[in-house]
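**Q** Supplied in structure tokens, the structure appears directly below.
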Amino acid sequence: MKNLRFVCLGIIALLLAACSSSSKNETSMVNEIEKKADAFTPVKLTTDLSVLTEKEKQMLPLLFKAAQIMDDLFWMEAYGDKNEILAKSTSDAMTKFLKINYGPWERLNGNEPFMEGVGPKPKGASFYPTDMTKEEFESWSDSAKSSLYTIIERDSVGQLVSVPYHVAFQPQIEQAASYLRQAAELAEDAGLKNYLELRAEALLTDDYFESDMAWLDMKSNTIDFVVGPIESYEDQLFGYKASHEAFILVKDKEWSDRLAKFALLLPELQKALPCDAPYKSEMPGSDSDLNAYDVIYYAGDCNAGSKTIAINLPNDEQVRAEKGSRKLQLKNAMQAKFDKILVPISNLLIAEDQRQHVKFDAFFENTMFHEVAHGLGLGNTIDGTKTVRQALRDTYSSLEEGKADILGLWVVYKLNEMGELGEKDMMDNFVTFMAGIFRSVRFGGVSAHGKANMIRFYYFQEQGAFERDEETGTYRVNYEKMKEAMMKLSDLLLTVQGNGDYAHAQELISKMGFVREDLQRDLDRVNSAGIPVDIVFEQGPEVVGL
């Protein structure tokens with residue numbers, strides 16, 4: 001009996017220890033999620049609505065409603081049933097983090113799951129059946145399978161079928177189109193009215209050409225509304241499928257007037273690109289323009305994980321060739337990232353005597369001309385058989401963002417050389433650009449922007465564009481070597497794109513598109529210093545005072 005009593009006591013002790021260990025693990029996990037959620041610092045999205053007419057103010061609630069539908073659709077594309085996963089949340093911090101990531105996978109940490117019982121994130125998100133292989137897709141004969149605007153499903157006998165977005169999401173799409181048409185009735189600006197009407201029709205048909213052209217025709221509108229399935233970042237299986245998103249914007253006309261002249265210089269910049277003639281043979285549309293906005297609402301893809309601070313649209317190569325593109329700088333969001341993230345990172349990682357060169361104007365220029373650079377280079381491969389997007393497939397987004405980053409810096413350099421930027425010290429842009437790499441590389445290896453920054457960091461390192469002081473752990477820009485590296489990397493990426501060289505693009509990403517140990521140690525220092533990873537928005541009708 002005595003032995004039995006000892007056995008029972010032993011079992012009880014083991015159970016108590018297991019419960020204690022489980023409790024500690026749960027507490028540790030809760031603390032970790034709170035820490036991760038708090039790494040996104042809150043920013044209120046507001047602006048001065050007194051610049052709007054009464055009818056424009058009446059339009060805003062309709063645009064907020066349409067934007068919320070885009071947000072709901074992106075949840076479906078990125079994860080599935082939003083309510084199902086939110087119901088499994090065990091804390092306010094978990095709910096916040098789920099909403100930041102639009103699902104249980106951490107976007108800025110390699111899409112690692114952060115909830116128990118959740119497996120790896122499907123590379124194709126919810127755009128394809130989870131049991132579908134690449135080989136099955138590629139051997140399947142279907143003219144709409146690589147369309148930006150189809151979901152791939154299985155039919156009743158298990159065969160793959162393409163379902164257009166306007167069919168797959170019919171109730172939501174019809175409601176969103178209704179809101180756009182109601183807003184169009186209130187629009188006093190003829191260009192905005194036409195765009196909203198055509199965009200409503202585009203949502204219902206998945207044919208966006210005419211509404212994209214109409215969006216480019218808008219010149220005098222104060223309100224802007226970017227809405228629909230636009231970017232293909234979420235599809236990391238093929239890079240084919242566009243995700244739903246929306247921005248509600250209020251134009252800063254004073255800043256926009258200051259930027260207007262640069263759009264006229266696009267053809268001259270295209271001719272001057274630092275690459276061989278065949279890789280700059282296309283001429284960008286002459287109707288491009290640059291504008292600055294305050295953004296008052298992000299929804300869907302643009303709101304997931306790291307937040308967009310500038311827009312370059314449309315993505316349609318035919319529209320760009322015929323008419324150009326628009327580059328929208330989101331000034332209030334950009335200022336928030338500069339103040340709350342870039343300056344603190346610079347104070348930690350940039351050499352003390354070079355910190356004076358980290359300036360908002362340089363950050364604004366680097367970001368703005370990144371968007372300009374999206375419109376430079378080629379939209380189609382030099383052999384004319386494919387678009388660059390089709391040729392580079394899942395590597396396209398990373399290469400395109402990398403091209404826009406480095407060419408954007410080159411554009412600033414070239415405009416300064418042409419005397420278009422007044423009295424300017426390019427060192428401001430170079431050092432701010434270097435600091436920006438540390439900001440963006442934290443977006444992680446599953447982000448196109450993150451991969452682009454990693455490739456650039458290691459390319460710069462190989463070229464000697466910067467040196468790291470081992471004693472202080474800070475980085476110093478070498479002006480001449482950075483200028484040379486800028487030229488070489490611009491040429492390399494333009495050439496890979498023009499050739500449609502998928503193998504070379506894959507090699508760049510596999511060789512340099514990840515964080516190595518030395519850089520990770522410096523990023524760990526940034527994280528330990530409590531510097532926010534990114535911003536999260538307090539936004540909506542109430543925040544702007546409606």
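Only the coordinates and a few stated rules stand behind these numbers; no lab work does. Note that this is a predicted model, so its numbers are computed, not measured. Backbone-built Cβ (ideal geometry, glycine too); neighbour counts: all protein chains shown.
**Q** Give the relative contact order (percent, whole number) for the chain; include only Cα pairs under 8 Å separated by 6+ residues.
**A** Numbers: 911 pairs, mean separation 93.6, N = 546.
Computed value for the chain: 17 percent relative contact order.
**Q** I would also like to ask the following. At a threshold of 8 angstrom on Cα-Cα distance, excluding pairs fewer than six apart, so keeping six or more, what relative contact order does the range 167-268 reach in percent?
**A** Once divided by the residue count of the range 167-268, the mean separation gives 18 percent.
**Q** How large is the charge dipole for the range 391-501, taken about the Cα centre, if only the Cβ atoms of Lys, Arg (+1) and Asp, Glu (-1) carry charge, to the nearest 20 debye?
**A** Values: 13 positive and 18 negative charges, 66 e Å.
I would put it at about 320 debye.
**Q** Taking a cut-off of 12 Å between Cα atoms, list the aspartates and glutamates near residue 36, but don't count ones fewer than 8 places away on the same chain.
**A** Result set, ordered by chain and number: 106, 534.
**Q** Using just the helices of the chain, give the 222 nm mean residue ellipticity in deg cm²/dmol: DSSP H runs with n ≥ 4 each add -39,500 (n - 2.57), and the total is spread over all residues, rounded to 500.
**A** The helix-only estimate for the chain comes to -16500 deg cm²/dmol at 222 nm.
**Q** Let me ask something additional. Expressed as a rounded percentage, what relative contact order does the range 198-252 have, with Cα pairs under 8 Å and six or more residues apart?
**A** Contact order relative to length: 30 percent.
**Q** Which number do you get for Rg(Cα) / (2.2 N^0.38 Å) in the chain?
**A** 1.02
**Q** Please list the non-local residues whose amide H lies under 5 Å from the amide H of residue 228, H modeled 1.01 Å from N, same-chain partners needing a gap of 5 or more.
**A** Under 5 Å from the amide H of residue 228: 245.
**Q** Let me ask something else. Given 498, 546, 220, which one lies farthest toward the positive end of the charge dipole of the chain, if we put +1 on the Cβ of every Lys and Arg and -1 on the Cβ of every Asp and Glu?
**A** Going by the charge dipole, the pick is 546.
**Q** Just to confirm the filter: which trypsin sites (Lys or Arg not before Pro) across the range 347-418 are DSSP coil and have at most 13 other Cβ within 10 angstrom of their Cβ?
**A** Taking the range 347-418 and a limit of 13 other Cβ atoms within 10 Å, the loop trypsin sites (Lys or Arg not before Pro) found are 386.
**Q** Counting other Cβ atoms within 10 Å of each Cβ, which GluC sites (Glu not before Pro) in the range 85-171 have at most 14 and sit in a DSSP loop? It would help to have the intermediate numbers written out before the result.
**A** Details: sites: 106, 116, 135, 136, 138, 153; in loops: 116.
Here the GluC sites (Glu not before Pro) that fit, given the DSSP loop and packing criteria, are 116.
**Q** Taking H placed 1.01 Å from N in the peptide plane, check which residues at least 5 places from residue 536 or on another chain put their amide H under 5 Å from its amide H.
**A** Amide H to amide H, under 5 Å and 5 or more residues apart or across chains, residue 536 pairs with 41, 43.
**Q** Separate question: Based on DSSP, what percent of beta bridges with both residues in the range 252-370 are antiparallel, to the nearest 5? Spell out each step's value before the answer.
**A** Working: 4 of 9 bridges.
Antiparallel bridges make up about 45 percent of those DSSP assigns within the range 252-370.
**Q** Follow-up question, since we're still on this one. Whose amide H sits under 5 Å from the amide H of residue 241, counting only residues 5 or more places off or on another chain, with H placed in the peptide plane?
**A** Under 5 Å from the amide H of residue 241: 235.
**Q** Just rank 368, 213, fewest to most, by other beta-carbon atoms within 10 angstrom. Numbers along the way, then the final one.
**A** On the way: 368 24, 213 18.
In increasing order of surrounding Cβ atoms, one gets 213, 368.
**Q** Please order 133, 432 by the number of other Cβ within 10 Å, starting at the fewest.
**A** With the fewest neighbours first, 133, 432 line up as 133, 432.
**Q** Here is a further query. Need one number: % antiparallel among DSSP beta bridges in the chain, to the nearest 5.
**A** 75 percent
**Q** From the phi angles alone, apply the Karplus equation (6.51, -1.76, 1.60; θ = phi - 60°) to the range 173-178 and give each ³J(HN,Hα) in whole Hz, x where the residue is Gly or Pro.
**A** Per residue, the Karplus-derived 3J(HN,Hα) values read 5, 5, 5, 4, 4, 4 Hz.
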